[in-house]
Amino acid sequence: MNARTLLVALTLIMLALLTWQLRWVLLVLFGAVVLAVALDVLINKLQRQVHWPRPLTLATVLLILLFGGAFALQLLLPELVIQIQQLGRDLPTLITKIKSVLGETSFLPDLDQSIQDQISWERIQPLGSQLLGYAGGAANGLVQLLLMSLLATLLALDPHSHREMLIAATPRPAREEMAELLDQCRKALGGWLAGMTISATTVFALTWAGLSLLKVPLALLSALVCGLLTFVPTIGPTAATLLPMAVALLVSPTLMLQVLILRLILQNFEAFLLTPLLLRRTVNLLPTVALTAQLSLGALLGLPGVLLALPLVVVLQVGVQQVVVKQIMDRWV
């Protein structure tokens, strides 16, 4: 091994260690980029209509989002608060019901006892001492979210200058390819965000309507959870189904089965028809790649890693296509 190879290896090791130490900063920065792209999509759509300067258009978009969110909260928040309080009251009954059902299941004799051991008072009692740590983590997450929002606003205010800075930091022979790569990443990420937002909104509305027709308690809360977890494909919709099924079990096992059938229909409609139709012109993620990315980043970074896994995979997939495939593999002789 000559001195040059050793220097390159040491440099790569140092960069890897520095990246790991700054992983939370990089995570906040990437989240800010995702939010900035979402704002940029709305800004461009509004500018085509009004032709205002970008700062004024950004301020208008933020005001529309602020007042729209406040209006939606005014409509939904009172009912959500009531349903969350009802869920808290029904939770002991639900646990008792699940334990009763498991106790009557002959082929799972040990599962009921296992659940009793896990939710026993001796195990629940130490959790009180951890509440302060959870509160600190929540406060830290709120600060990171505020920083992410501030960075996203600054990026959306002048994306051209940041784009030119990245291009200028690229060696001259590769600047044209870097510009194309940035444009493709922006297009793919914007299309993915728009498609997933429409998909999540549709799932929320259909789930709310279906659960209301079945007269399932806590229909709004369950539908909201199902809609939000649509942004976490594969894992999210499956986990979201547990809440309406558990609430339906309080009424009857038949209603729980009806809720399961409803959610299976909606999940297949969203996964195999709606989402592919919305994303056909932007990016097509393989389920195996999406799930592997979620599990990997979830293990490394926790919940923020799971939430940002899919946008990161969208960007990486475009980068692999533009750099590895076109610049290396296609030119391999």
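Computed from the coordinates by the stated procedures, all read-outs in this text should not be read as laboratory data. Everything numeric here is computed off the predicted structure, so don't read it as measured data. Note that we place each Cβ from the backbone using ideal geometry, even for glycine, and neighbour counts take in every protein chain shown.
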field: R0 of 25 Å, Cβ-Cβ distance A209-K45: FRET efficiency to nearest 0.05
entry: 0.35
- line: Subtracting the Cα-Cα distance of T288 and H160 from 0.36 nm times their residue separation yields 42.6 nm
- prompt: With each pseudo-label sitting 7 Å past Cα toward Cβ, what's the L12-L277 distance in nm, one decimal?
  reply: 4.6 nm
- line: Quick note, the chain: a/c under 1.5 would make it rounded; otherwise a/b > b/c is prolate and the rest oblate (a ≥ b ≥ c, C-alpha gyration tensor); here it is prolate
- line: Which of P276, P55, P92 fluctuates most in a GNM of the chain (C-alpha springs under 10 Å)? That residue is P92
Relative contact order [Cα under 8 Å, 6+ residues apart], region 176-235, whole percent: 37 percent
message: Can you give me the distance in nm between label points at V251 and A239, each placed 7 Å from the Cα along the Cα-to-Cβ direction?
response: 2.6 nm
statement: Under a Gaussian network model of the chain whose springs join Cα atoms within less than 10 Å, the largest fluctuation of L154, L58, L291 belongs to L154
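Once a ≥ b ≥ c are taken as the square roots of the eigenvalues of the Cα gyration tensor of region 1-109, is the result rounded (a/c under 1.5), prolate (a/b larger than b/c) or oblate (a/b not larger than b/c)?
Values: a/c = 4.02, a/b = 1.20, b/c = 3.34.
Since a/c reaches 1.5 but b/c is at least a/b, the shape of region 1-109 is classed as oblate.
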query: So how much slack lies between E180 and K99, counting 0.36 nm per residue of separation and subtracting their Cα-Cα distance, in nm?
result: 23.4 nm
statement: Which of G190, G210, G302 fluctuates most in a GNM of the chain (C-alpha springs under 10 Å)? That residue is G302
- line: Longest principal axis of the chain (C-alpha) makes with the long axis of helix 109-118 (C-alpha) an angle, in degrees to the nearest 10, of 70 degrees
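Assuming a strict under-28 Å limit between Cα atoms, what lysine pair count do you get for the chain once near-sequence pairs (fewer than 8 apart, same chain) are dropped?
Details: K45/K187; K97/K215; K99/K215; K187/K326.
So the count of such lysine pairs works out to 4.
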query: Hey, what did the chain get for relative contact order, percent, Cα under 8 Å, at least 6 apart?
result: 19 percent
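With charges set only on the Cβ (+1 for Lys and Arg, -1 for Asp and Glu), what does the dipole of the chain come to about its Cα centre, in debye to the nearest 20?
Numbers: 20 positive and 16 negative charges, 151 e Å.
Dipole size: approximately 720 debye.
Work out which chymotrypsin sites (Phe, Trp or Tyr not before Pro) in the chain are exposed loop sites (DSSP not H, G, I, E or B, at most 14 other Cβ within 10 Å) and give the longest gap free of them.
Working: sites that count: F107, W332.
With chymotrypsin sites (Phe, Trp or Tyr not before Pro) excluded where exposed in loops, the chain gives 108-331 as its longest stretch.
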